[in-house]
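Peer 1: Would you mind keeping the following structure in view while I ask a few things?
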Amino acid sequence: MKGLTVLSLLVWLCAVYFVGIYLFVGGFLLVRLEVNRTSACGDVLQPGVEPLDFCQSRPRFRRAVILIIDALKIDFARFDRSNTAPRPYENKLPVLEEAVSSRPSQSRLYPFRADPPTTTMQRIKGFTTGSLPTFVDVGNNFASSAILEDNLIHQLGQMGKRVVFMGDDTWENLFPKKFYRSLPFPSFNVKDLHTVDNGILQHLYSTMVGDDWDVLVAHFLGVDHCGHRFGPDHPAMSDKLTQMDGVIRAVIDRLQNDTLLVVMGDHGMTDTGDHGGESQKETDAALFLYSPSAIFPGPPSQDEPDVVPQTDLVPTLALLLGIPIPFSSVGQVLLPLFAPHQQTEAADGRLSQLEALWINTKQVNRFLETYSGLAKDIDPQSLSELKAQFARLSSEYLSALREGRAPSQRLASSMQDYLTAVRDTCRATWARFNPAKMAGGLAVLTFACVACLVTSELSVVLTEEKRAALKAPATVAIAVGVGVAAAQLLTRGYAEAAWSLAAGAISSEVIFLWRAWRLKRSAVLKNGAKASKLSRWLIPRRLLLPWLAVALLRCASLLSDSYVIHEGRVVTFLLLSLALCVPIHLNWNGHLLPPTPDPLKSAGLLPSPTLTPAAIRKESGTLLGCLGLLVLCSYLSLWFHGCREEQGLCQPSPFLSPLSRLQDNQLKNIYYILSVASLAVCAYLLRLCLCHYGNLNSSGGSAFAARWILPLLCVCTGLHWAVGATAEDAFRQLAELIRTAQLALPRAAFCLLGAALSLVWADPLTVFMKTRNAASSRSSALPPPRYRASTGISPQAELHHLIPQIYQRMRRSLEDGELSGGGEDDNRPAVEAYGLGTVYSAPLLLFCGLLGVGLLLLHPEGMSLAFLLLLLEMGALLHIHASSTTLSGSPGANPGAFNVPWTPVVLWSLAASQFFHATGHLPTFPSIQWGAAFVGFPDGHVGTVLPASLVTLNTFASHILFAVGCPLLLFWPLVREVRGSRGGRGYGEEGEDAVMEMRLRENPHQFSAALLQLATRYLFILGAQTFSSVCAAAILRRHLMVWKVFAPKLMFEASGFLVSSTFLLIGVTLVIRVDVAVGRWFKRLIPSVSR
């Protein structure tokens, strides 16, 4: 087998796909240009009638206390006296309603609307800089880098104000060395509800009574973590909110008259406790403002805003504390906090509403002029309209000041309209694209798809080449990439890696396609073939083939937002539709039922059937039974789907919630028993399959992993679930033991998993070999073969899995040596082998099973049922493919071919997408199961690589399992080979038993070509889906739903492709590793027979 040739081609194809994705994403998800300039006291107001130093004026407040309660949605803050049966998150903050109703001139409660993405880092950035986030910023949420833009923390420090921070350590990463004093606490462990909050409370009140601070920032995390762990509708949420109510009361009691209290949430949460998207439940937080002295003219009026955007807090706090507004802020001051223009004289030290608006307008206009001069990406017409609008406002305001008359109220409304228009323009502009990179990425992906298809169709020709036709493409790619980099250095002074990679990728693809065409042409001339296989793709009626129609429909439908929203159910429909076409096609061709003999024709003139009628009926029954199992599993898998915001009345599956969230102990016990039973059934079915084909008799590492490590791994997983489901206050005396178990059990499972996978890789053979003395072998002239392929079943079933041909050769070689070698060879053994018929599929199946248990460990306990359905559906697809291959009889007509048709490959890819949704995942950021990062690490992580890897493995578990198991499609028709189904010629004598996977060893070139073809076909289907998602994002980049639907879908599709292709390479490499081990086994057994 030419393993290196196969692997090198696959690595190259994956590499060019990666380059295309990287280039397109680099042009589609650009971060906006940051203006690295800061505001100063002298430039807050440009010279009007007289120059003013803004910082010299007396600020409205000398101090400020900012309490950030993470995920404090507005629903948590409201109080309804008529609600006599409140839910756990309702009516738990009465202090806010009491203050607003009893002291209306001192307090206000507003909905506080965040800009998506609603992740903590982006929200902190938003309400400290006043700028708008970009979509790609979501990727930095757990790898926070320092904020370089002008911000409130920087301005407070520049003014000499002492900022004391305590709480979420994200602030320390965003503002390094910016605080007068800092008390950060680890924030990433969402299961920890109390460490951060209790740490704050140990220092909050003592700090407030001191005099060594001007601004106190405290960021509580308990409410957010409670939502992630239990959801909002849980008693733990009630306890947390009640605790926050007490904190707010205590802080109010310690406030002085010159101090402003700001209580705010950075974002909201969904009904399941998640956030990150742009639904109203996620964006609408609470904002509570309070001061012991009057700051509002009276009770709320009709002119006050219904909702306060988060960016508006930045200019408001800046002007109230007497510091310049950060340079890049596009927020608008909250007018109720400033006195009407007529009351300015009476309000000592207070800016009037018009003065605050004018300062705000001048600052925003300055940013707009600076940014437009640097970025050049704002629409010129919109920019000119905004400039003209500001010129009118400036002229009217300055004229009023020169003439000594009060500006009109209409001017204030015009300023507000201007500020709103600037913000809307910036929001529309900062969906900034690089068309050149997007076009380059599309070109690379297009050529990659064509190259993948060509490799699939010409796999036989390409595997005949010594270097897989890659020497010239690789050389040209390196030369072109270096040349482009050098040209960039000469012309620009720097080299951008993306363009060098793109040039190298496209040049290598073009050279490869040219080389493939020449190889195919020479092969056609040499072999006298009539036409190339590629020419069949040009026939229009091929578009009517079911697999191609389904694949094209799926790819084209990615342009529809409705399809993406309901993708889980639609993929299930496509899967079942294509699966139903398999028996219909067989029946159409007369293969599903035994042929009816024609009495009018002579039996001697009829060709003998490949299969007996009994065998045909058995295979047809197997196919239809597995089809029924596939339908059942597909419909049951719909019970495990999550819900998107756009799906309206959809209710998420109860199995998506961890057992710790359940309050009913009886229901919790039922769910736990179902989960453990499902895990046990998965392990039992895997061991049963390996035992059935005799693969557990070996004393090697793989058999040891299957016999011992797999059960231990399942036990650790079950115990981990039991410990995780235990309520925190259930066994207080055992709290330390439970905490130790939460740490030790999953880590022990990870160690067992690593050991098992390493054993499978290091010693993949599951063959058990027995020897017998030569004397017994000569007791008859030609003893019957005793080379068993399986154990643990009846003798009749054993005979069904004999592998005689190779062993007959081995036996005859041994006997010939005995007869000619004299007495010195009298003790030479004959061979009896078990498990060699499934030597390739067994380690691959075991590898997938072990990996599946490890991935299940990263999911909620209820997903054990979904993983059982995944295993059953995978087996059903393999059996449908094997029965279809046997019934169609095409391999019998061409014994050297082991090609896997397109239909099972498309079914396999659809099943991977189906179980992405059936394991509770969605192509949305709120659906990411962040809890996977803390399995085995309840105290959090030092870095971000490990938690990101765990979350990735959790999210793309189905992609991983189906990618690693993809080569099973090649092996399973051989594993289930029916006796006599492949004809006798070329494989031994008539009447011999099924050879199973040993056919691959007898045809190494066809083996290599078939493995390459299967892998490239699967890679092509995945690449086509990714290419379609890329096209959808490019075409619909100005669509209303682009950032809500198409951009997240692109990110998940591209990430899924990267993960799938990586694990596909792992699966193919494992097959090659097994083939090398089999070759060594034969060399040790009979050196003269081995290759």
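Since every read-out is calculated from the coordinates, none of them should be taken as a lab result. No experiment lies behind these values; they were computed from the predicted model shown. Here the Cβ is made from the backbone with ideal geometry for all residues, glycine too, and neighbour counts use every protein chain on show.
Peer 1: Please compare each pair in Lys73/Lys191; Lys125/Lys437; Lys191/Lys240 to a cut-off of 18 Å on the Cα-Cα distance and tell me which ones are over it.
Peer 2: The pairs that break the limit, which is 18 Å between Cα atoms, are Lys73/Lys191; Lys125/Lys437.
Peer 1: Which of the peptides 613-624, 221-232, 1058-1069 is most tightly packed, and how do the rest follow, judged by the mean count of other Cβ atoms within 10 Å per residue?
Peer 2: The most tightly packed comes first, giving 221-232, 1058-1069, 613-624.
Peer 1: Peptides 755-767, 1008-1020, 416-428: what's the order by average Cβ count within 10 Å, highest mean first?
Peer 2: Order by mean packing, descending: 1008-1020, 755-767, 416-428.
Peer 1: Please get the size of the charge dipole for the range 289-431, origin at its Cα centre, with Cβ charges of +1 on Lys and Arg and -1 on Asp and Glu, quoted in debye to the nearest 20.
Peer 2: My answer is approximately 340 debye.
Peer 1: If I model a spin label at Leu667 and Ala680 as a point 7 Å from the Cα along the Cα→Cβ vector, what separation in nanometres do I get?
Peer 2: Spacing of the two 7 Å Cα→Cβ label points: 2.4 nm.
Peer 1: Using per-residue counts of other Cβ atoms within 10 Å, averaged over each peptide, order 834-847, 249-262 from highest down.
Peer 2: Result, highest mean first: 834-847, 249-262.
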